[in-house]
Amino acid sequence: MLTILERINQIKGVKGSSIVSPDGIEIVSHFRTPVPSDFISALIVSVQQVANKIVSNAQAGYLMQTMIEASEGKFFVQVVELGYLVVLADSQANTGLIRVEIAQVSPLIK
């Protein structure tokens, strides 16, 4: 799984990535700079719970990916078999390229 994260992290602007279990436990992570990954993992689960409620209430099928864009960065959360693939990037990172790469590697996370 680490090789999958390393692959994502090669994209310009990606600060790092991790795989988080459905209950917020970090399974594996690879960040270029220190980040409070335990804190982020717990928050990701909370965000996904809210996003799931929105998707459910809107009768839009099932949640696949959540993206949060802030003034200084971007957060991508992809639902995978083990839980969630989380990618952190700076504000200048290519959103489309990151999403394509996430789509390609997500089926490999088992």
Which condition number does residue 76 fail, the rest of (1) at pLDDT 95 or above; (2) part of a helix (DSSP H, G or I) being met?
(2)
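Would you check if residue 55 is free of Cβ contacts under 8 Å to residues at least 12 places away in the same chain, among the hydrophobic types (A, V, I, L, M, F, W, C) and surrounded by 12 or more Cβ atoms within 10 Å (Cβ to Cβ)?
On the way: free of Cβ contacts under 8 Å to residues at least 12 places away in the same chain: yes; among the hydrophobic types (A, V, I, L, M, F, W, C): yes; surrounded by 12 or more Cβ atoms within 10 Å (Cβ to Cβ): yes.
For residue 55, the condition - free of Cβ contacts under 8 Å to residues at least 12 places away in the same chain, among the hydrophobic types (A, V, I, L, M, F, W, C) and surrounded by 12 or more Cβ atoms within 10 Å (Cβ to Cβ) - is met.
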Output the number of residues of the stretch 12-56 satisfying the condition of being under 21 Å from residue 110 (Cα atoms) and hydrophobic (A, V, I, L, M, F, W, C).
9
From the options 46, 21, 41, 17, residue that is in contact with a helix residue (DSSP H, G or I) (Cβ under 6 Å, 6 or more places away or on another chain) and not basic (Lys, Arg)
17
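In the list 89, 42, which residue meets the criterion of being at pLDDT 95 or above and under 14 Å from the mean Cα position of the chain (by Cα)? I'd like the intermediate steps shown before the answer.
Values: 42 fails: at pLDDT 95 or above.
Result: 89 is the single residue among 89, 42 that is at pLDDT 95 or above and under 14 Å from the mean Cα position of the chain (by Cα).
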Is at least one residue of the stretch 19-30 touching a residue at least 24 places away in the same chain (Cβ under 8 Å), closer than 15 Å to residue 93 by Cβ and not β-branched (Val, Ile, Thr)?
no
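May I ask you to list the residues in the stretch 16-42 that are of a type in the set (Gly, Ala, Ser) and in a strand (DSSP E or B)?
Quick first cut of the stretch 16-42, residues of a type in the set (Gly, Ala, Ser) only: 16-18, 21, 24, 29, 37, 41-42.
Passing the criteria: 16, 17, 18, 29.
The values are calculated or read from the model by the stated rules, or taken from the named source; none is laboratory data. Just so it is clear, the structure is predicted and the values come from calculations on it, not from any experiment. Please note: Cβ atoms are built from the backbone with ideal geometry, for glycine as well, and neighbour counts cover all protein chains shown.
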